[in-house]
Amino acid sequence: MTTSKKYKIILILILIIIVVVIAGRYFIGQHFKKKFSVRPAPGVIVEQVAKSSFFESIETFGTAIASNSKTYRVKKEELNNQNLPDEKMVKKGDLILELLSGEKIIAEFDGKLGKREIAQGVLGTDSFIVSLDAISNIFVDIKIPENFVGILKPGLRIEATSDAYDKIYQGKIESVSSRIDPSTRSILARVLIQNDKYELIPGQLLTIKIIYNETEQLGVPERSVTIQGSTAFVYVVKDGTTVEKRDVTLGKRNYGKVSIIDGLTENETIIAEGISKVRDKAKVKIINQ
């Protein structure tokens, strides 16, 4: 075999090897591309569209007042020490104090007892004061700007909160003044609050929210709504696996929910959490039942 033929054979073998390597890399790359380009459907939390209560509100504050109060001033030397009053709930007709003279002080209504000493330096420091407060219902007097006069009326629902308790107390507007205060341009209203567990006490500062224009509308969590410019949309889950981007018209917002005026129907399923991981027509995996 001549030298030129040997070189040709070697060159052909080298070219074949190069082609095989290139082809192998190509097919291997395609294999792994197909294998890893198919991403699993993202997990999402869904919620059904349902009706919720939506409203407008006016927020103010005021001081708690007992619905009925009575005080008794007693001299210490006249008191039968066997019947010292303490902070407790009493019923109408219960004995509060018995004096050495035989006189008995009886509760005139259901309420909570309290006692305080008269301050030093005040005439009659040998005496103390016993208070009886009816607190199953609490009153609060509030002032509302005059531009809400057309809204205020007896019977309107209110919600009251206090820094002392992590709860909402229910109540209503009991009465509304017939006059506007010209110096403050406000109107006075009295609120009645249910205090069945006797947690609220006279003198306590309360935040009052007056509820008006209450309506029942379809609602979804605020976190499920995406707003882009002047448009808002949610993702609706179809057939349990595929999402559909749906434009919606928003209304009122209350307690983390927003009302939907148009774009959804009751009992449709929307993505409540995980909207950042999905897109229109994409597949999803529901991780909550």
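The values are calculated or read from the model by the stated rules, or taken from the named source; none is laboratory data. All values derive from a computational prediction rather than experimental measurement. Cβ coordinates were reconstructed from backbone atoms using ideal geometry, including for glycine residues, and neighbour counts include every protein chain displayed.
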Item checked: From the options GLU214, GLU244, residue that is among the acidic types (Asp, Glu), over 30 Å from THR63 (Cβ atoms) and either assigned to a strand (DSSP E or B) or assigned by TED's automatic domain parsing to the domain that holds GLU146 (or both) -> GLU244
Checklist line | Failed condition for ILE261, given (1) assigned to a loop (DSSP other than H, G, I, E, B); (2) surrounded by fewer than 18 Cβ atoms within 10 Å (Cβ to Cβ) | finding: (1)
Margin query: Exactly one of these conditions fails for ILE135: (1) touching a residue at least 40 places away in the same chain (Cβ under 8 Å); (2) touching a Phe, Trp or Tyr at 6+ places or on another chain (Cβ under 6 Å); (3) closer than 30 Å to GLU77 by Cα. Give me its number.
Written below: (3)
Margin query: Looking at ASP126 and the list (1) out of contact with any Leu (no Cβ under 7 Å at 6 or more places or on another chain); (2) buried (at least 16 other Cβ atoms within 10 Å of the Cβ); (3) within 22 Å of TYR72 (Cα to Cα), which single condition is not satisfied?
Written below: (2)
Next item on the list: With the condition kept exactly as written, say whether any residue in segment 189-200 is over 22 Å from the mean Cα position of the chain (by Cα), at pLDDT 95 or above and not in a helix (DSSP H, G or I).
Entry: yes
Next item on the list: Please work out which residue is nearest to THR71 (Cα to Cα), limiting yourself to segment 196-232 and to residues that are surrounded by 12 or more Cβ atoms within 10 Å (Cβ to Cβ) and of a type in the set (Asp, Glu).
Entry: GLU199
Note to self: If ASN267 meets every condition in (1) outside any strand (DSSP E or B); (2) without any contact (Cβ under 8 Å) to a residue 60 or more places away in the chain apart from one, which number is that one?
What the structure shows: (2)
Margin query: Tell me which strands (runs of 3 or more DSSP E) are completely within segment 85-134 and hold 1 or more residues being over 23 Å from ILE65 (Cα atoms) and either among the hydroxyl-bearing types (Ser, Thr, Tyr) or modelled with pLDDT under 90 (or both), or say none if there are none.
Written below: 95-98, 104-106
Check: With respect to ASN254, is the statement that it is more than 11 Å from VAL46 (Cα to Cα), among the polar types (S, T, N, Q) and under 22 Å from the mean Cα position of the chain (by Cα) true?
Finding: yes
Notebook entry, point to check: For segment 228-236, does any single residue satisfy the condition of being farther than 30 Å from GLY114 by Cα and in contact with a Phe, Trp or Tyr (Cβ under 7 Å, 6 or more places away or on another chain)?
Noted result: no
